[in-house]
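Below is one structure; the comments refer to it alone.
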Amino acid sequence: MMSLGRNSHNHKGFTYALVVWVLMGSLCGVAADPGREPGPATVAVVTATGFLGQDSFLTPQSIYPLGKQDYRTVARMLDRAAMLATSTTRISDAWASLVSSSDRVGILIDVQQPPVSLTLLDAVLDRVTEAGVRPSNIIVWAEDERSLFSAGLALCTDTDGVRILGAESEGFRDGLSRIVLNYCDVLINVSRLRPDRRIGMWGATANQTACVPQVDRLRLLAKQQELPSAAARPSCRTKFRLHLVDALQPSYEPGAQKMPPYWNCGTLLASADCVAVDVTGRQLLEAKRGQVHGVPWPLDPEPVYLKSACEGYRLGQWNPQLISTIESSVTN
């Protein structure tokens with residue numbers, strides 16, 4: 001048997017080097033376990049044609065420019081997606097596998113313009129509370145307060161109910177949001193599918209850049225090969241349980257900031273794997289773009305961070321051949 005103790009000087013030097021490497025990896029956002037390759041992934045793809053309610057004087061276009069989404073349909077889509085993503089057959093079992101009554105739950109939402117569906121957010125909040133989580137143990141959050149306000153959400157720090165917080169106002173520790181590190185045990189990621197001029201596509205992986213300070217977020221968006229490093233931080237890896245991608249009314253090209261060209265896709269994507277769900281979302285976007293132009297129209301720039309998220313950071317599955325999509329539809 002080989003004894004590690006026979007050269008104590010070298011052993012101490014190795015131990016010191018290992019500790020330094022781990023600490024540097026944590027501070028720089030490098031994956032804690034870079035050696036294990038991501039395995040096969042499953043993505044739920046749930047569609048509904050009747051997710052928009054009937055137009056009436058109660059739903060003026062000035063307030064609902066894209067139409068008013070029907071809560072019951074969106075909630076049923078969420079239920080189906082959660083069950084498929086967790087391989088369960090009952091709604092209660094699906095959410096019980098994600099959260100428990102003692103958990104402090106953070107719901108990270110995409111508040112870029114146009115923001116994630118607030119109807120979908122309402123449905124997520126309802127399911128989390130129905131699973132036994134007290135409203136006072138739930139935080140809805142995004143990168144900063146201004147973006148939350150622009151998305152139609154006012155800050156709420158009242159500890160008796162659901163809190164709405166910005167990561168910037170709550171501060172950071174070791175380059176990671178205190179909401180992630182200190183406030184929450186479980187995280188749910190709700191992003192909106194859209195093309196992005198900086199990185200090609202926005203989705204679940206890019207949305208997790210809200211976990212790091214603005215200066216780091218801007219750097220990662222400018223150097224997208226390193227973008228997955230935010231999501232690869234150990235606390236993010238272990239606490240994010242579910243990634244939802246809102247493709248109900250996604251835009252297919254950037255266009256004007258507040259009203260880019262969009263289509264009523266009526267789709268919700270869900271997975272435990274943020275990379276796999278983005279790869280599936282990319283396929284949706286590029287299929288629509290090709291349909292609009294009559295020829296293939298790839299995203300520009302190419303979202304190369306998805307490949308580095310898999311091969312460099314071991315964050316999730318990038319190879320479409322190793323991603324199983326389970327499709328389902330919801331009818332009115």
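The values are calculated or read from the model by the stated rules, or taken from the named source; none is laboratory data. Worth saying up front: this structure is predicted, and the values here are computed from it rather than measured. Please note: Cβ atoms are built from the backbone with ideal geometry, for glycine as well, and neighbour counts cover all protein chains shown. All accessible areas refer to the heavy atoms of the entire protein, side chains included, with ligands and DNA or RNA removed. Shrake-Rupley method; radii C 1.70, N 1.55, O 1.52, S 1.80 Å.
Some values worked out for this structure:
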{"quantity": "Flag for V45 being on the phi < 0 side of the Ramachandran plot, modelled with pLDDT under 95 and β-branched (V, I, T)", "calculated": "no"}
{"quantity": "Spans of helices (runs of 4 or more DSSP H) in region 171-247 with at least 2 residues under 17 Å from Y305 (Cα atoms) and among the basic types (K, R)", "calculated": "214-222"}
{"quantity": "Output for region 251-288, where each listed residue is surrounded by fewer than 17 Cβ atoms within 10 Å (Cβ to Cβ) and on the phi < 0 side of the Ramachandran plot", "calculated": "P254, A256, Q257, K258, M259, P260, P261, W263, N264, Q283, A287"}
{"quantity": "Those residues of region 166-185 which are of a type outside the set (G, A, S) and open to solvent by 10 Å² or more (accessible area, probe 1.4 Å), in sequence order", "calculated": "E168, E170, F172, R173, D174, R178, L181, N182, Y183, D185"}
{"quantity": "Restricting region 129-152 to residues that are touching a residue at least 40 places away in the same chain (Cβ under 8 Å) and under 28 Å from S92 (Cβ atoms), the residue that is nearest to the chain's Cα centre (by Cα)", "calculated": "W141"}
{"quantity": "Hits in region 48-65 (condition: at pLDDT 75 or above and among the small types (G, A, S))", "calculated": "A48, G50, G53"}
{"quantity": "Test result for V99, at pLDDT 90 or above, open to solvent by less than 10 Å² (accessible area, probe 1.4 Å) and not polar (S, T, N, Q)", "calculated": "yes"}
{"quantity": "Leading residue by the ranking (nearest to the chain's Cα centre (by Cα)) among those in region 186-221 that are without any contact (Cβ under 8 Å) to a residue 12 or more places away in the chain and open to solvent by 10 Å² or more (accessible area, probe 1.4 Å)", "calculated": "L218"}
{"quantity": "Restricting region 222-250 to residues that are of a type in the set (K, R) and within 16 Å of the chain's Cα centre (by Cα), the residue that is least open to solvent (accessible area, probe 1.4 Å)", "calculated": "R233"}
{"quantity": "The one condition in (1) outside any loop (DSSP other than H, G, I, E, B); (2) in contact with a Phe, Trp or Tyr (Cβ under 8 Å, 6 or more places away or on another chain) that Q112 fails to fulfil", "calculated": "(1)"}
{"quantity": "Out of Q317, Q291, sole residue that is at pLDDT 95 or above, assigned to a helix (DSSP H, G or I) and either at negative phi or in contact with a helix residue (DSSP H, G or I) (Cβ under 9 Å, 6 or more places away or on another chain) (or both)", "calculated": "Q291"}
{"quantity": "Identity of the residue in region 293-332, of a type in the set (V, I, T) and open to solvent by less than 70 Å² (accessible area, probe 1.4 Å), that ends up farthest from L52 (Cα to Cα)", "calculated": "V304"}
